[in-house]
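The values are calculated or read from the model by the stated rules, or taken from the named source; none is laboratory data. In this text, all values refer to a predicted model and were calculated from it rather than measured experimentally. Note that we place each Cβ from the backbone using ideal geometry, even for glycine, and neighbour counts take in every protein chain shown.
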Amino acid sequence: MVIVKEKPKAPLEPPPRELSVVRVVVLVVVLCAIGFGVWQLASKETPAASAKSDAVPVYSPYVDVTQTPTYPFQLPSSNPVSSVYLAFIVSDKEEPCTPSWGTFYTLAGAEQGLDLDARTAQLRSQGGSVMISYGGQANTELAVDCTDPAKLQQAYLEPIQRYHATAIDLDVEGAALADAAANARRATAIAAVQKQLAAEKKPLRVWMTLPVASSGLTAEGIAAVRATLKAGVKLAGVNAMTMDFGPGEGAAHDMIATIEGSLVATQAQVQALWRAAGLPSSAAAAWGHVGVTPMIGVNDVTAERFTTKDAHELADFVKQRGIPRVSIWSLNRDSQCGGAFAKVGELSDTCSGVEQKPLEFTHIFSALRGTKTAHRAQAEAAAAPQTHASPEADDPATSPYPIWRPAAAYVSGYKVVWQGQIYQAGWWNQGTPPGTAAADSPTGPWQPIGPVPPGSHAPGLVKLDHGNHSRWSPTTVYHGGDMVTFEKLPYKARWYTQGEQPLDALPADPSAPWEPLFKYPGEPNPGVEGE
């Protein structure tokens with residue numbers, strides 16, 4: 001019998017070990033901890049660089065304060081959004097450490113000449129915010145000629161306090177951008193202002209607005225940001241002026257592609273600048289420190305045009321990247337040149353030079369999340385209890401304009417005070433009181449300017465005739481064209497009159513026999529030739 005030996009079997013592999021629930025949980029925790037540590041090393045966020053990629057973008061247009069005609073940014077019909085950057089605060093021509101609006105008005109002068117205090121108060125009463133922009137392309141930025149540190153700090157602080165600004169914008173361009181000493185002075189002063197306001201529990205957001213090329217910030221711009229961060233300023237971010245790129249940049253051929261490319265480059269530079277300042281930021285967070293400001297319509301480089309189609313594409317780009325600030329230059333220009341018959345290609349301070357609907361750029365960008373519209377704020381204000389003073393509270397001695405009178409005829413542009421508020425006539429009207437829904441509507445006869453600022457007083461009258469006329473007499477017969485002086489003021493007879501005393505109430509009643517030959521500064525006077 002033959003015995004056949006079986007081939008030995010391979011030893012059996014041990015059965016796989018079963019993972020317990022506890023082990024699985026521990027493994028997940030360890031992996032998460034490792035991942036979080038790697039992320040921290042890569043991004044290492046700090047409070048000063050904690051902007052997220054999903055930052056809520058807010059649209060706040062620039063308003064050229066000294067542009068003629070004065071733009072009524074306080075009216076919802078002229079400004080559908082509730083926040084604006086008022087431009088530009090620069091050095092006074094005679095006193096470089098004195099802040100002025102475009103060298104044309106001191107802060108007090110802007111209250112008298114532009115009603116700026118009242119307009120900003122009106123916007124704030126609707127839930128809006130006022131931001132101040134310093135510098136700009138023209139004139140002299142404060143830090144360039146003001147070399148006294150204490151005076152410079154005060155010069156930056158005054159507009160913030162006067163207009164209750166919650167954010168400021170340092171628009172540094174041209175020769176000022178290359179001035180290293182001015183950059184250092186500005187940075188030190190702004191850091192001190194920011195620290196002072198923080199101690200008063202009034203946090204101040206600070207933006208730097210700088211020119212960019214298709215490759216991003218210029219070397220001078222990078223140096224200015226670096227100096228600002230080094231001084232301890234907590235920068236909200238860098239606002240890129242995506243305009244006037246010039247030859248060889250591609251903007252004349254494809255404006256939106258050039259703008260988007262410049263923003264991508266600026267974001268990389270911002271990330272590097274923050275890290276170099278000891279405030280490292282991830283790529284996503286760096287977008288939270290980038291703003292964008294196109295010049296709507298025809299740019300100063302007239303071959304470059306930013307259209308409403310470009311605006312729609314830029315709004316989409318802003319949403320995708322989480323850019324927290326969008327502005328335009330400027331709200332004054334957000335209309336079509338030529339009205340019904342468009343003037344395309346025109347470069348103007350008061351219109352865009354491209355085909356558009358009224359305020360179309362603003363309506364496009366106001367759709368961005370986080371942009372509160374003035375229409376909404378107005379509805380909220382309308383629902384709140386009204387706190388107007390009674391008509392008896394209007395005192396001519398403390399009112400910057402005449403008190404409204406039913407008998408007076410008001411031409412377009414005339415300003416009055418009624419129930420503690422300043423109004424401006426939109427068109428000729430008589431007997432229609434301001435302060436009603438119909439009167440104050442966009443097509444109504446009165447436009448609200450804002451509340452009478454504290455400390456106001458009646459302005460001095462301006463004589464329109466300086467002739468040496470005889471004093472008015474109640475017994476003398478006067479004919480049309482005769483001129484007299486009454487209580488040191490000149491008057492002209494409209495028709496035959498005797499015994500009817502001239503009145504100094506402005507504007508004069510059209511049925512009164514005497515026409516005043518004087519007015520308040522800046523007010524229209526339709527009855528006088530040459531006015």
Checklist entry - Looking at the stretch 178-229, which of its residues are acidic (Asp, Glu) and either crowded, with 16+ Cβ neighbours inside 10 Å or under 21 Å from residue 288 (Cα atoms) (or both)? => result 179, 220
Item to check | Qualifying residue in the stretch 153-162 (condition: more than 14 Å from the chain's Cα centre (by Cα), surrounded by 23 or more Cβ atoms within 10 Å (Cβ to Cβ) and either at pLDDT below 95 or assigned by TED's automatic domain parsing to the domain that holds residue 244 (or both)) | outcome: yes
Checklist entry - Just a yes or no: is a residue in the stretch 90-106 free of Cβ contacts under 8 Å to residues at least 24 places away in the same chain, within 24 Å of residue 413 (Cβ to Cβ) and outside any loop (DSSP other than H, G, I, E, B)? => result yes
Next on the checklist: If I filter the stretch 376-399 for residues that are exposed (fewer than 14 other Cβ atoms within 10 Å of the Cβ), more than 22 Å from residue 450 (Cβ to Cβ), at pLDDT below 95 and not hydrophobic (A, V, I, L, M, F, W, C), do I get at least one hit?
Outcome noted: no
Checklist outcome for this item: Subset of the stretch 496-518, residues modelled with pLDDT of 95 or more, aromatic (Phe, Trp, Tyr) and surrounded by 13 or more Cβ atoms within 10 Å (Cβ to Cβ), comes to 514
Checklist entry - Failed condition for residue 27, given (1) among the aliphatic types (A, V, I, L, M); (2) modelled with pLDDT of 95 or more; (3) more than 26 Å from residue 426 (Cα to Cα), with all others met? => result (2)
Next on the checklist: Can you go through 167, 121 and tell me which one is surrounded by 18 or more Cβ atoms within 10 Å (Cβ to Cβ), in the same structural domain as residue 187 (by TED's automatic domain parsing), hydrophobic (A, V, I, L, M, F, W, C) and farther than 30 Å from residue 435 by Cβ?
Outcome noted: 167
Checklist entry - Among the residues of the stretch 388-436, which ones are of a type in the set (Gly, Ala, Ser) and touching a Gly at 6+ places or on another chain (Cβ under 8 Å)? => result 389, 393, 407, 412, 425, 426
Next on the checklist: I need a count of the residues in the stretch 230-258 that are within 24 Å of the chain's Cα centre (by Cα) and either buried (at least 21 other Cβ atoms within 10 Å of the Cβ) or assigned to a helix (DSSP H, G or I) (or both).
Outcome noted: 12
Item to check | Total residues in the stretch 320-344, condition at pLDDT 95 or above and either over 17 Å from residue 240 (Cβ atoms) or in contact with a strand residue (DSSP E or B) (Cβ under 7 Å, 6 or more places away or on another chain) (or both) | outcome: 15
Checklist entry - Does at least one position in the stretch 460-478 carry a residue that is aromatic (Phe, Trp, Tyr), without any contact (Cβ under 8 Å) to a residue 40 or more places away in the chain, surrounded by 13 or more Cβ atoms within 10 Å (Cβ to Cβ) and under 18 Å from residue 407 (Cβ atoms)? => result no
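Would you confirm whether any residue within the stretch 322-334 is over 22 Å from the mean Cα position of the chain (by Cα) and either over 22 Å from residue 206 (Cβ atoms) or among the acidic types (Asp, Glu) (or both)?
No, the conditions are met nowhere in the stretch 322-334.
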